[in-house]
Amino acid sequence: MEGIQVSTEIAGSHNQISIIKVGGYIDTTTSSELERALDSLLKQGRFFIIVDLGNVDYISSAGWGIFISEIKSIRENGGDLKLVRMVPDVYEIFELLEFHHILDVYDTVDEAVNKFEMLQAAGKPVAKEITLPKPEPVKQPSTAPASSESVARSAEGEVEQTDEVETTQQVDIADLTVDEKIKIIVKENPALGAFKIKKELNTARFGYTKMGWFQVRAELAKLNLNSKARRYQFATAS
């Protein structure tokens, strides 16, 4: 079908894992091809499924709906569906929709295969337990009036001193570790995902710190900030 390429192969030490490789884009006009491939596996009783999205540029709500609608049936049969190799733009939407609370995502096919086999070998449930985030309470902005003393600080000499402090802070930030820089970015804007944090790091303020998207994701995971809910919780903590 034009716009999408779908193929299936098997993996795992006992050939029990199915990999659906997808290329192109997944929207209302192409999603039926992916849906047919997935349904074919389920009819064969194959419930350990990896979807390789490394060559997918875009997924619409129709595409995401396929994964979400099938996941319950897959897990009821003792299996699971894992997504791998999402490009940054696709992962940003995945994270924005908070599907990481429902579906596991991995950087490589091998990681997903190994995860399936490790859980099976240990006799542990293969499926991920779904835990949706609790909504964060909205903090009301302070409405306290400015004191006369704070107003008086707008004198020219005080402004110059503030500028000097800000310049010093910028220099200090550029010299911080990567973890500390990421914490600052998350504290200031917890809505940013890994791709936008990567771009923010590569600015003058953060000393043009160059990192790959996967590296940023790894750092966020290490800091336990690899979901939007956790970043908001960190940003609003006192």
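The values are calculated or read from the model by the stated rules, or taken from the named source; none is laboratory data. If you're wondering where the values come from, they're calculated on a predicted model, not measured in any experiment. All Cβ positions, even for glycine, are placed from backbone atoms using ideal geometry, and neighbour counts span all protein chains on display.
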Are any residues in region 34-64 part of a helix (DSSP H, G or I), surrounded by 14 or more Cβ atoms within 10 Å (Cβ to Cβ) and either under 21 Å from the mean Cα position of the chain (by Cα) or not assigned by TED's automatic domain parsing to the domain that holds ASN114 (or both), and if so, which ones? ALA62, GLY63, TRP64
Just the residues that are in contact (Cβ under 8 Å) with a residue 40 or more places away in the chain and under 21 Å from ILE173 (Cβ atoms), please, taken from region 204-226. GLU219, LYS222, LEU223, LEU225
Within region 189-238, can you find the residues that are surrounded by 16 or more Cβ atoms within 10 Å (Cβ to Cβ) and of a type in the set (Phe, Trp, Tyr)? PHE195, PHE206, TRP213, TYR232
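Might you check whether a residue that is of a type in the set (D, E, K, R), modelled with pLDDT of 50 or more and over 23 Å from ILE26 (Cα atoms) occurs anywhere in region 139-152? Give the derivation first.
Within region 139-152, the subset of a type in the set (D, E, K, R) is 139, 149.
Checking the rest, the ones that are also modelled with pLDDT of 50 or more come to 139, 149.
Right, trim to over 23 Å from ILE26 (Cα atoms) and you get 139, 149.
Within region 139-152, one or more residues are of a type in the set (D, E, K, R), modelled with pLDDT of 50 or more and over 23 Å from ILE26 (Cα atoms).
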Go through region 71-108 residue by residue and tally those that are buried (at least 20 other Cβ atoms within 10 Å of the Cβ) and over 11 Å from the mean Cα position of the chain (by Cα). 9
Taking ILE68 as meeting all but one of (1) in contact with an Asp or Glu (Cβ under 7 Å, 6 or more places away or on another chain); (2) under 27 Å from ILE197 (Cβ atoms); (3) surrounded by fewer than 16 Cβ atoms within 10 Å (Cβ to Cβ), write down the number of the exception. (1)
Filtered residues of region 1-33 (kept if in contact with a Phe, Trp or Tyr (Cβ under 9 Å, 6 or more places away or on another chain), outside any strand (DSSP E or B) and surrounded by 14 or more Cβ atoms within 10 Å (Cβ to Cβ)): GLY12, GLN16, ASP27
Any residue at all in region 85-98 that is closer than 22 Å to GLN215 by Cα and in a strand (DSSP E or B)? no
Which numbered condition trips up LYS199, out of (1) outside any helix (DSSP H, G or I); (2) among the charged types (D, E, K, R); (3) under 16 Å from TYR91 (Cα atoms)? (1)
Output the residue which, of all residues in region 79-93 that are hydrophobic (A, V, I, L, M, F, W, C) and at pLDDT 90 or above, is farthest from LEU220 (Cα to Cα). LEU81
